[in-house]
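See below for the structure under consideration.
The values are calculated or read from the model by the stated rules, or taken from the named source; none is laboratory data. Just so you know, these numbers come straight off a predicted model, no measurement behind them. Please note: Cβ atoms are built from the backbone with ideal geometry, for glycine as well, and neighbour counts cover all protein chains shown.
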Amino acid sequence: MSNKTKLHKIYNLTIKIAVVIVAFHFIYRRLFVKENFIDTFISFENKFRESSFIKLYILVLLLMVINWSLETIKWKYLIRKIENVSFLKALVAVLSGITVSIFTPNRIGEYAGRVFILEKADRWEGALITMLGSISQLLVTTIAGSVGFIFFAYEYIDLQNNPQYYLYGLIMLVVILITVLLLFFFNVSVLTVFINKLPGKLKKLRSYGRIFSIYTKKELLNVILISTFRYMVFITQFYLLLKLFGVKIPYYEAMVLISLIYLVMAAIPTIALTELGIRCSVALYFIGLYFTTNNAAAQNDIAVLSSTTMLWIINLVIPAMIGAIFVFRLKFFRKD
C-alpha cells in the first residue's frame, strides 16, 4: 500500500468522524440548548398515553419512511444516467446526505453526502443531477404554495375595493408563474446551450453541461410526479402532527396554511443554527392567522411548536442519526 493510499484512508476516516461528531453536536445544541425541547417532550409524553395518539404517531413515522423512500427512488431514477445503483445503496446515499446536510446552510451538504457513495461516476455530474432532483421538489413546493396563496388571499387578505378584480389578477399571475416554471423545468436542456457558451477559464465547466440534456420530457415528468407524491406525504405528516397535539384546525384550512409555510421556508435562506427557530416562527404566524381571523378558540402555541419540532425530529433528526452509521461507507477519496 503506497503512502498516498494510506494518507487517503486517514483523510477519509478523519472526515467521516468529523461529520458524525458535528452532526450529533448540532442536533444536541438544537434540541437541548437553543430550543425549549422540554416543553415539546412533556406535551408528547402526556399525549402518548392516549391510544389514538399512538396509532396516528405510528402513521406519521410510516409516512417518514415513505417520504425518504420516494426521495431514494427519485435519486436512483435520476442518477442511473451516469451510474446504476441499487435501492439500498441509493437509500444509504440519501440518509448520509441528510447527516451531512443537517448542519449546512439550506442543507446544501446533501449534495456532497450523496455523491461520495458513487464508485465510478463523475461526482460533479452527480451533484448536478442531485440538484436537478432538488429543483423538482422546489418546483412542486412553489406551485402548491402559489395555488395555496390564492385561497389564502381570498380568505385572509382584505382586498378592499373590487375584490374580484384583485383576485382574478392574482390568479393570472400565479398561472403565468406556474407556466414559466414548468416550461423552464421541461426545457432545462437550455442550460446546456448556456454552459457551452461560457468563455475563458469557465470553459472547463462545459463538459458538465451535458447533464441537463440527458433527460427526456417524459423522464422529467416522472421526476415531478415523484416529487408531488413526496410533497403530499410531508404536508399530511404536518397536518397529522397538528391534530395529534390538539391544534383544532379544519383540513382545508390546514392544507392552505401548510402550503404557505413550506413556500416561505423554501424562499428564506437559512443556516442550520436558525432553521428550526424559523420553522416554528413561520408555523406560529400562519396557523395563528386561522384562530385570529375565524375568532376560534385561543391557539395553543405550545401545540404548534411541538408539532413543528416533532416534524423536524421525525423527518430530519431521526434519518440523520441513522445516516450517521452509513457515513463511514462514503469514499471522499478514490484510489485514482
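So, I129, is that one crowded, with 21+ Cβ neighbours inside 10 Å, within 27 Å of L225 (Cα to Cα) and at pLDDT below 80 or not? Break it down stepwise before answering.
Values: crowded, with 21+ Cβ neighbours inside 10 Å: yes; within 27 Å of L225 (Cα to Cα): yes; at pLDDT below 80: no.
Considered against the rule, which asks whether it is crowded, with 21+ Cβ neighbours inside 10 Å, within 27 Å of L225 (Cα to Cα) and at pLDDT below 80, I129 comes out as no.
Which residues, taken from region 111-126, are crowded, with 20+ Cβ neighbours inside 10 Å and not basic (K, R)? Give the steps one after another, and end with the answer.
Narrowing region 111-126 to residues crowded, with 20+ Cβ neighbours inside 10 Å: 111-118, 125-126.
Of everything in region 111-126, those that are crowded, with 20+ Cβ neighbours inside 10 Å and not basic (K, R) turn out to be Y111, A112, G113, V115, F116, I117, L118, E125, G126.
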Q. Across region 202-223, which residue is nearest to I129 (Cα to Cα) among those that are of a type in the set (A, V, I, L, M, F, W, C) and surrounded by fewer than 19 Cβ atoms within 10 Å (Cβ to Cβ)?
A. I214
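Condition (residue is within 30 Å of T72 (Cα to Cα) and of a type in the set (D, E)) applied to region 153-160: is it met by at least one residue?
Residues of region 153-160 within 30 Å of T72 (Cα to Cα): none.
Looking through region 153-160, none of the residues is within 30 Å of T72 (Cα to Cα) and of a type in the set (D, E).
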Q: Hey, can you tell me all the residues within region 242-292 that are in contact with a Gly (Cβ under 9 Å, 6 or more places away or on another chain) and at pLDDT 85 or above?
A: M255, V256, L257, I258, S259, L260, I261, Y262, L263, V264, A266
